[in-house]
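Visitor: This is the structure I have questions about; it appears just below.
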């Protein structure tokens, strides 16, 4: 597969639009269909109107050659996830990835985000090193996972769904008669 671009040396960082779909699919997400990219981009644009998601595009010569995404945490409004950084290979040497990350950080900070985080697989060594270079630090976190029926759960499966309750099931009532605030709290 060959990709040809005619460039004139100007790089613009801006918010993504639906008109970026085909270019993003061609240059950043060639493993996805145009429809998949359209669906993801449409969802992000809807959420961007609520300041929950920001998708930034790096454009040169009229072509979106890179992108990054920020998503504000639902639970903690001052925290956001940064990721989905994609830059067409020839432009990585020109620092486009760094420019996208710096632009995303400024946008997040200007919109009240106090911390950005990214979750990566241990095997993504080059990506981990790049984010370290940009000032990101590892946080010691343990991820525990349980597979049901010996297979990995689908991403859209909600494991915390109560089974149908039998109308004749016993009900448990409880109350707290004393609460000691001097003891250390625990999450477990």
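The values are calculated or read from the model by the stated rules, or taken from the named source; none is laboratory data. Remember, predicted model here, so these are calculated numbers, not experimental data. Heads up, the Cβs are rebuilt from the backbone with ideal geometry, glycines too, and the neighbour counts pull from every protein chain shown.
Visitor: Residue 51: on the phi > 0 side of the Ramachandran plot and either part of a loop (DSSP other than H, G, I, E, B) or within 15 Å of the chain's Cα centre (by Cα) (or both), yes or no?
Guide: Answer is yes for this residue.
Visitor: Which members of segment 97-133 meet the condition of being farther than 19 Å from residue 67 by Cβ and part of a loop (DSSP other than H, G, I, E, B)?
Guide: Scanning segment 97-133 gives 112, 114, 121, 122, 123.
Visitor: Find the residue count for segment 48-65, including only residues that are exposed (fewer than 15 other Cβ atoms within 10 Å of the Cβ) and in contact (Cβ under 8 Å) with a residue 12 or more places away in the chain.
Guide: Result for segment 48-65: 2.
Visitor: If you go through segment 66-84, how many residues are assigned to a strand (DSSP E or B) and either more than 19 Å from residue 23 (Cα to Cα) or without any contact (Cβ under 8 Å) to a residue 40 or more places away in the chain (or both)?
Guide: Qualifying residue count, segment 66-84: 12.
Visitor: A further question on this structure: All but one of (1) touching a helix residue (DSSP H, G or I) at 6+ places or on another chain (Cβ under 9 Å); (2) at pLDDT below 80 hold for residue 166; state the number of the condition that does not hold.
Guide: Looking at each condition in turn, residue 166 falls short on (1).
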